[in-house]
Amino acid sequence: MFCSRAGVVVVDVLQAGSSRILGVMSDQQAGHGGPDHAHGHGQIHASSPGVIGRVRHLLRPHSHDATDKADAAMESSVEGIRALWISLAILSGTAVLQAAVVAVSGSVALLGDTLHNATDALTAVPLGIALVVGRRPPTRRYTYGYGRAEDLAGIVIVVVIAASSVLAAYEALTRLAHPRPVTNLIAVSVAALIGFTGNELVARYRIRTGRKIGSAALVADGLHARTDGFTSLAVLLGVGGVAIGWDWADPVVGLLITVAILAVLRQAAQEIYRRLMDAVDPALVDQLEQTLRATPGVMGVGQVRLRWIGHHLRAECEVIVDAGASAVQAHQVAVNAEHNLLHALPRLAAALVHVDPQVKAGHDHHAVLASHR
């Protein structure tokens, strides 16, 4: 029995300097990294002295690898952290603009939305920490590395979304029971539109980036930003109702938006739950099996497993080869199968291919293991 394992270069990523936001490979274009399969080139960077250099060191991923070669894990981390910083800047700017309108309008609804946006901008903090922690190399205790930190951050984000839905429902019910006047409706409407636009931009960017790099937590955070946009729309629609004399419009719309937030919460929680339970898209399993069967020398495919660790996949699979094949020939089949998988499956970081000889009638090569299964 032989096993072939993909080499994975784990790099401490904090790369100084910037790269284009749209210039990172997509899932379908992403290759695989390792000592034998390096398709990208790292960037040589000069150290920046002083306080500015240290701040840049913390905010931007860079490589300390001796050969300065950036692998797919590094590129994913770079793009994920970039998405967080850009999103944080947009949401902070949105909150500042809304706060200015609150000061001149006295709108309690807009004040709540402003505080909500400011608080939710901070969800970038646990996810940013998770992305940094996830770059740490494996240890004797955490042999698969720290990629699961992103899933833990996803749990925090889901909890924040749930708290947001509770807060939105509470505010809507309170306002329904105790109506409050709203002044400067035009300014409040503009601020609500700004809040919605800022959150929707952030939501689309985070969701797109999260799906590109395979980060369920970043996708969940993007969905969270979308709930904030719904809250801003509730303010806008409520103001419209108040403008035509429907004082009850604002709280009623708030309750409807709460229902929408709960729907987003369900979607985000489902995604994080599946990731924690090692669920994968069945289409990936089909693609893995097809790739193995298409490998020369593979006569059959046994059990296959896929799991996400952070935003990368790991595979374990069994293939059947000719019983008359030599040890070298069987090993070569395993290596070829592994290599094909690394090219065929986006985000696959490592594959363990176990080779079994073709079973002859009345003979079981795994009989000694039967009592342990």
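With all protein chains present, how much of the accessible area of the range 210-313 (probe radius 1.4 Å) comes from carbon and sulfur, to the nearest whole percent?
Working: 2780 of 4590 Å².
For the range 210-313, the apolar C and S fraction of the accessible surface comes to 61 percent.
For residue 92 and residue 372, the difference between the fully extended length at 0.36 nm per residue and the C-alpha to C-alpha distance is 95.2 nm.
Stretched out fully, how many nm does the piece from residue 248 to residue 283 gain, at 0.36 nm a residue minus the Cα gap?
Result: 7.8 nm gained on full extension.
The simple Förster model, with R0 at 35 Å and r as the Cβ-Cβ distance, assigns residue 259 and residue 204 a FRET efficiency of 0.95. Estimated at 0.36 nm per residue, the fully extended path between residue 360 and residue 178 surpasses their Cα-Cα distance by 57.5 nm.
The phi-based Karplus calculation (6.51 cos²θ - 1.76 cosθ + 1.60; θ = phi - 60°) puts the 3J(HN,Hα) values of the range 206-212 at 5, 5, 4, 5, x, 6, 5 Hz, whole numbers, x for Gly and Pro.
Determine the shape class of the range 229-373: with a ≥ b ≥ c the square roots of the Cα gyration tensor eigenvalues, call it rounded for a/c under 1.5, and otherwise prolate if a/b is greater than b/c, oblate otherwise.
Working: a/c = 5.46, a/b = 3.56, b/c = 1.54.
Prolate.
Electrostatic tally near residue 193: other residues with Cβ closer than 12 Å to its Cβ, Lys and Arg +1, Asp and Glu -1, net -2. With each label modelled as a point 7 angstrom along the Cα→C-beta vector, the residue 322-residue 140 pair spans 4.5 nm.
Projecting the Cα atoms of 163, 112, 183 onto the charge dipole of the range 110-238, computed from C-beta unit charges around the Cα centre, puts 163 farthest toward the positive end.
The values are calculated or read from the model by the stated rules, or taken from the named source; none is laboratory data. These numbers come from a predicted model, not from an experiment. We place every Cβ from the backbone using ideal geometry, glycine too, and count neighbours over all the protein chains shown. Heads up: the accessible areas ignore ligands, DNA and RNA and are worked out on the full protein's heavy atoms, side chains in. Shrake-Rupley method; radii C 1.70, N 1.55, O 1.52, S 1.80 Å.
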